[in-house]
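The values are calculated or read from the model by the stated rules, or taken from the named source; none is laboratory data. Everything numeric here is computed off the predicted structure, so don't read it as measured data. No Cβ is skipped: glycine too gets one built from the backbone with ideal geometry, and neighbour counts run over all protein chains shown. When the accessible area is computed, the model is the full protein with side chains, heavy atoms only, and any ligands, DNA or RNA have been set aside. Shrake-Rupley method; radii C 1.70, N 1.55, O 1.52, S 1.80 Å.
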Amino acid sequence: MDILKSRFLPLIALVASVLFLYFRTPTFNKSIDGECSLLTHDHYWIVSKRVVTPRGVSPGAVEVKSGHINTVKEGEYHKLLLQNEHVLDYGGAVVMPGLIDVHAHLDEPGREEWEGFSTGTKAAAAGGITTLIDMPLNSFPSTVSEETLKLKLEAAKKKLYVDVGFWGGLVPENAFDPSALDKLLKAGALGLKSFMCPSGINDFPMTNSTHIKEGLKVLAKYKRPLLVHAEVVLESESHIALDSDESDPRSYATYLKTRPPSWEEAAIRELKDASEETRVGGNAEGAHIHIVHLADSRTSLDLIKASKHGGSSLTVETCPHYLAFSAEEIPDGDTRFKCAPPIRDEANRQSLWEALLEGHIDMLSSDHSPSTPDLKLFDEGDFLRAWGGISSLQFVLPITWSYGKAYGITFNQLASWWSERPAKLAGQTNKGAIKREMDADFVVWMPEVEFELDENYDIYHKHRNISAYLGQRISGKVLATFVRGNLVYSEGKHASAACGAPILAKQ
Ligand SMILES: NC(=O)NC(NC(N)=O)C(=O)[O-]
Ligand SMILES: [Zn+2]
Ligand SMILES: [Zn+2]
């Protein structure tokens, strides 16, 4: 036996050292057809000089094992390179928790010519977004029942490159039917979304305060949020421009006057009251209300602050386009910039940044809401009749960074606005931070690298020509995106199979 051992020892040593050398090498470019990851193994370390954890930014190493974060080491990362492990060394690139976009319209089933699960999630992966929560409208039918949620899940099969959760819709038809809402929430909707003004989609009608209060009662039981498009139509204030001589529909100023900040204020006032009433009415905590895409940084924001101060469970998001653009600079007829609520003036844009930095705005979302280009009416450039919605899912990280740099934003703030707080809103306790036992969802990116967003750029979402940032030079290039340990995107290449998971709320 001893003789046998000594004979084979050199051979064993040789095989061991070959295996050691082989597995030490990062395998960025390896892809096996039909696989979920551009890596061939599921236990490895990611090292970089800038790892963003809740404790700050430092050199570090993150051990990934079977889709989870097993260890996070700060400092000393280079020593790991000498160990017998798979190591992906990203040098000076920033390793951050993957972005969680709580507001995207993926439009499938029914309007896949607008966007789709495959194209939308490929764009997300290329942009460092590892989880998307899909809005209940713009697909057909809208996600307003257990059955229609099942249609979503069916349509999403084998098309998800990142993880995708679903908001259900609160509409007049189900608002007074608690058992229908129960079923939708039990089937896994992460919360409900409603509109306080017409949504532009026929099978997604608007809700009034009574509907909203009914919805809040059911949601409180499940501890899930109500997301609200907070604009109320005030007829008296909306047609000023149209009756005057200055009502050129190609002018952005005309559109702006048709949807004044008072619409947002009126809606937020109603929500503040609804939150207070439903709290008094039996549920000590009340349901959580989340205001989507806040555009007005003045009175609306003051009302939000007052409501939070008064104890309401309330959060608010804004979107990169409100932080990047101002009304004054939107060219006549360029309906790529039409969205609701509208992009407001430069002073408003600056105070949105201040509110975000001071923590009064809790998080960011894309509100990726594309349509087919014909609905944007580019030939006429008519802001009043064109479809409203900004399309730029893939670029939210570089845009937030490019415009935020002037305000001195930090990587930890980015992680808080784009990962930690969105994870909390969507009830995803295992996502949103680089911490032990969390899902191994990361974006690796180079903040300093600038690029032209021109016609040669690989844009993965549908209808590249309606992207709002085309023609800009921006900074912050995404190198790699990991979803539950799978390297789903790396330097212009996606994994060959779509292995993102549908996220359903647990009971
Ligand atoms: N039907 C929509 O997608 N509307 C969206 N449109 C925007 N934001 O212009 C939205 O989120 O309100
Ligand atoms: Zn909206
Ligand atoms: Zn939206």
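Structure summary
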{"read-out": "Qualifying residue in the stretch 416-429 (condition: modelled with pLDDT under 95 and either open to solvent by 30 Å² or more (accessible area, probe 1.4 Å) or not hydrophobic (A, V, I, L, M, F, W, C) (or both))", "value": "no"}
{"read-out": "Unique match (being within 15 Å of ligand 1 (Cβ to nearest atom) and under 25 Å from Ile474 (Cα atoms)) among Glu329, Glu317, Glu354", "value": "Glu317"}
{"read-out": "Among (1) open to solvent by 10 Å² or more (accessible area, probe 1.4 Å); (2) closer than 22 Å to Phe195 by Cβ - the single one Tyr161 does not satisfy", "value": "(2)"}
{"read-out": "Subset of the stretch 368-381 (residues that are touching a helix residue (DSSP H, G or I) at 6+ places or on another chain (Cβ under 8 Å), in a loop (DSSP other than H, G, I, E, B) and within 13 Å of ligand 1 (Cβ to nearest atom))", "value": "Pro370, Ser371"}
{"read-out": "Whichever residue in the stretch 490-507 is in a strand (DSSP E or B) and within 21 Å of Asn430 (Cβ to Cβ) and, among such residues, is most open to solvent (accessible area, probe 1.4 Å)", "value": "Pro502"}
{"read-out": "The stretch 395-415: number of residues that are open to solvent by less than 10 Å² (accessible area, probe 1.4 Å) and closer than 30 Å to Tyr255 by Cα", "value": "7"}
{"read-out": "Flag if Leu151 is away from ligand 1 (no atom under 16 Å from the Cβ), touching a residue at least 24 places away in the same chain (Cβ under 8 Å), of a type outside the set (Gly, Ala, Ser) and within 17 Å of Ile201 (Cβ to Cβ)", "value": "yes"}
{"read-out": "Some residue of the stretch 270-279 being at pLDDT 95 or above, polar (S, T, N, Q) and either more than 16 Å from ligand 1 (Cβ to nearest atom) or more than 14 Å from Ser312 (Cα to Cα) (or both)", "value": "no"}
{"read-out": "Check on Ser194, within 16 Å of ligand 3 (Cβ to nearest atom), in a strand (DSSP E or B) and under 20 Å from His293 (Cα atoms)", "value": "yes"}
{"read-out": "Total residues in the stretch 219-236, condition part of a loop (DSSP other than H, G, I, E, B) and hydroxyl-bearing (Ser, Thr, Tyr)", "value": "0"}
{"read-out": "All positions within the stretch 430-450 that are open to solvent by 20 Å² or more (accessible area, probe 1.4 Å) and either among the basic types (Lys, Arg) or farther than 22 Å from Leu160 by Cα (or both)", "value": "Lys435, Arg436, Glu437, Met446, Glu448, Val449, Glu450"}
{"read-out": "Output for the stretch 159-186, where each listed residue is under 27 Å from Thr119 (Cβ atoms) and in a helix (DSSP H, G or I)", "value": "Leu184"}
{"read-out": "Any pair with Cβ under 7 angstrom, 6 or more apart, that starts in the stretch 196-211 at a residue that is over 19 Å from Ala266 (Cβ atoms) and touching a residue at least 24 places away in the same chain (Cβ under 8 Å) and ends at one that is near ligand 1 (Cβ under 9 Å from one of its atoms) and outside any loop (DSSP other than H, G, I, E, B)", "value": "Phe204/Phe195"}
{"read-out": "Residue list for the stretch 177-195, filter: farther than 18 Å from Leu271 by Cα and not acidic (Asp, Glu)", "value": "Pro178, Ser179, Ala180, Leu181, Lys183, Leu184, Leu185, Lys186, Ala187, Gly188, Ala189, Leu190"}
{"read-out": "Check on Pro341, touching a His at 6+ places or on another chain (Cβ under 8 Å), in contact (Cβ under 8 Å) with a residue 40 or more places away in the chain and open to solvent by 10 Å² or more (accessible area, probe 1.4 Å)", "value": "no"}
{"read-out": "Residue in the stretch 288-306 that is modelled with pLDDT under 95 and buried (at least 21 other Cβ atoms within 10 Å of the Cβ) present", "value": "no"}
{"read-out": "Only listed residue being within 16 Å of ligand 2 (Cβ to nearest atom), surrounded by fewer than 24 Cβ atoms within 10 Å (Cβ to Cβ) and of a type in the set (A, V, I, L, M), chosen from Ile133, Ile201", "value": "Ile201"}
{"read-out": "Selection within the stretch 472-489 - of a type in the set (Lys, Arg) and either under 14 Å from Ala125 (Cβ atoms) or in a loop (DSSP other than H, G, I, E, B) (or both)", "value": "Arg484"}
{"read-out": "Residue within the stretch 84-106 that is in a loop (DSSP other than H, G, I, E, B), at pLDDT 95 or above and within 16 Å of ligand 2 (Cβ to nearest atom) present", "value": "yes"}
{"read-out": "Residue in the stretch 45-55 that is modelled with pLDDT of 90 or more and open to solvent by 80 Å² or more (accessible area, probe 1.4 Å) present", "value": "yes"}
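Yes or no, residue by residue, for (1) free of Cβ contacts under 8 Å to residues at least 24 places away in the same chain; (2) outside any loop (DSSP other than H, G, I, E, B); (3) within 15 Å of ligand 2 (Cβ to nearest atom); (4) within 26 Å of the chain's Cα centre (by Cα):
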| position | (1), (2), (3), (4) |
| --- | --- |
| Glu265 | no, yes, no, yes |
| Ile268 | no, yes, yes, yes |
| Asp273 | no, yes, no, no |
| Glu276 | no, yes, no, no |
| Arg279 | no, yes, no, no |
| Ala287 | no, no, no, yes |
| Leu303 | no, yes, no, yes |
| Glu328 | yes, yes, no, no |
| Asp332 | no, no, no, no |
